[in-house]
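Written below as structure tokens is the structure these notes are about.
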Amino acid sequence: MVTRRNDRVDVAFRVPSWSERWVLEDGVTMPETSEHRLTCELLEMILRAWIARTARDAAVYANLALRWDEEHPAIGVDPDVCLVDPTPPDAKLRSLRTWEPGHTAPRVAVEVVSRDTAEKDYLEGPAKYAASGTRELWVFDPERRGRGMLGPWVLQVWRRMDDGAFRRVFAGDAPAYSEELGAWLVATDDGTRLRLADDEAGERRWLTGEETARAQAQADRERAQAERARADALAERIAALEAQLNASDAVPRGPSPAR
């Protein structure tokens with residue numbers, strides 16, 4: 001369904017649960033460019049660090065087959081990155097099957113548009129995620145590969161509404177707000193990377209585990225330097241006072257006044 005609100009195109013999906021075009025073979029993944037993989041890996045690391053920081057029972061997957069129709073188990077989609085909350089019980093998960101116990105649709109799925117996936121990510125992707133039960137979808141298109149009525153947009157955010165519709169709530173340049181994570185999606189590195197932040201300006205960014213460790217190490221170094229500087233200043237002050245006392249003791253005293 002496409003409507004216009006205040007000159008803005010508003011899109012919502014209500015779709016059938018499956019289509020013959022949505023068959024997904026196990027173990028088959030699209031080749032990725034190095035830039036595409038780096039963009040996805042950064043999001044994976046940020047989300048895993050957020051899970052560790054908040055002690056959540058959640059997991060992050062890359063190119064994991066998502067399947068939602070038990071009567072048509074070959075139907076599926078494989079998000080570039082997805083956040084599943086809570087963590088499925090399977091230690092070695094090959095695909096997420098939402099009809100199985102402990103398997104739930106992703107809380108967040110991410111598609112990073114590339115030259116070979118633009119049509120799929122723009123046109124078929126939202127419909128598949130609408131059918132799958134995914135709560136929120138981010139479509140990041142740093143190279144503006146999209147074409148047609150639905151693009152190109154640097155960032156789209158699709159969200160599951162209370163009535164079950166899967167609605168596009170944002171389309172344009174980042175930043176955009178993720179209600180599922182309570183964070184802002186911001187484009188960084190000249191628009192080539194997608195990150196999360198606590199503020200719209202992107203100044204309080206969510207860090208990866210490695211970035212957090214580096215920031216902590218830098219803070220420790222700065223704290224140690226500050227402590228050494230305070231100790232050195234105190235030592236210099238003590239030395240100056242001792243010098244004043246020694247100088248005072250070295251001054252000869254005149255004769256005592258006659259009585």
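For the stretch 145-249, which fully contained strands (runs of 3 or more DSSP E) count at least 2 residues that are hydroxyl-bearing (Ser, Thr, Tyr)?
Output list reads 176-178.
Here are some residues: Ala49, Ala12, Ala58. Which one is farther than 17 Å from Phe140 by Cα, touching a strand residue (DSSP E or B) at 6+ places or on another chain (Cβ under 8 Å) and at pLDDT 95 or above?
Ala58
Return the residues of the stretch 44-73 that are open to solvent by 10 Å² or more (accessible area, probe 1.4 Å) and charged (D, E, K, R); say none if nothing qualifies.
Glu44, Arg48, Arg53, Arg56, Asp57, Asp69, Glu70, Glu71
Within the stretch 131-157, can you find the residues that are under 23 Å from Trp99 (Cα atoms), open to solvent by less than 10 Å² (accessible area, probe 1.4 Å) and either of a type in the set (A, V, I, L, M) or touching a helix residue (DSSP H, G or I) at 6+ places or on another chain (Cβ under 7 Å) (or both)?
Leu137
Of all residues in the stretch 105-126, how many are over 14 Å from Pro79 (Cβ atoms) and open to solvent by 10 Å² or more (accessible area, probe 1.4 Å)?
Number of matching residues: 5.
Could you tell me which residue of the stretch 34-43 is modelled with the lowest pLDDT, considering only residues that are surrounded by fewer than 18 Cβ atoms within 10 Å (Cβ to Cβ), closer than 19 Å to Trp138 by Cβ and not aliphatic (A, V, I, L, M)?
Glu35
Which one of these is of a type in the set (Gly, Ala, Ser) and out of contact with any Phe, Trp or Tyr (no Cβ under 7 Å at 6 or more places or on another chain): Ala201, Ala183?
Result of the check over Ala201, Ala183: Ala201.
Limited to the stretch 200-225, what total is found for residues that are modelled with pLDDT under 95 and open to solvent by 70 Å² or more (accessible area, probe 1.4 Å)?
So the count comes out to 8.
Of the numbered conditions (1) within 13 Å of the chain's Cα centre (by Cα); (2) free of Cβ contacts under 8 Å to residues at least 60 places away in the same chain, Pro101 satisfies every one except a single condition; which is it?
(1)
So Asp78 fits all but one of (1) farther than 20 Å from Arg167 by Cβ; (2) out of contact with any strand residue (DSSP E or B) (no Cβ under 7 Å at 6 or more places or on another chain); (3) at pLDDT below 95; what number is the exception?
(2)
Given the conditions (1) open to solvent by 40 Å² or more (accessible area, probe 1.4 Å); (2) out of contact with any strand residue (DSSP E or B) (no Cβ under 8 Å at 6 or more places or on another chain), and given that Glu179 satisfies all but one, which numbered condition is not satisfied?
Evaluating Glu179 over (1) open to solvent by 40 Å² or more (accessible area, probe 1.4 Å); (2) out of contact with any strand residue (DSSP E or B) (no Cβ under 8 Å at 6 or more places or on another chain) leaves (2) as the failure.
Kindly evaluate Val186 against the criterion of being out of contact with any Leu (no Cβ under 7 Å at 6 or more places or on another chain), open to solvent by less than 20 Å² (accessible area, probe 1.4 Å) and β-branched (Val, Ile, Thr).
The answer is yes for Val186.
Residues in the stretch 74-81: is at least one surrounded by 23 or more Cβ atoms within 10 Å (Cβ to Cβ), of a type in the set (Val, Ile, Thr) and within 18 Å of the chain's Cα centre (by Cα)?
Taking every residue of the stretch 74-81 in turn, at least one turns out to be surrounded by 23 or more Cβ atoms within 10 Å (Cβ to Cβ), of a type in the set (Val, Ile, Thr) and within 18 Å of the chain's Cα centre (by Cα).
The values are calculated or read from the model by the stated rules, or taken from the named source; none is laboratory data. Since this is a predicted model, take the numbers as computed values, not measurements. We place every Cβ from the backbone using ideal geometry, glycine too, and count neighbours over all the protein chains shown. Keep in mind that these areas ignore ligands, DNA and RNA; they rest on the heavy atoms of the full protein, side chains included. Shrake-Rupley method; radii C 1.70, N 1.55, O 1.52, S 1.80 Å.
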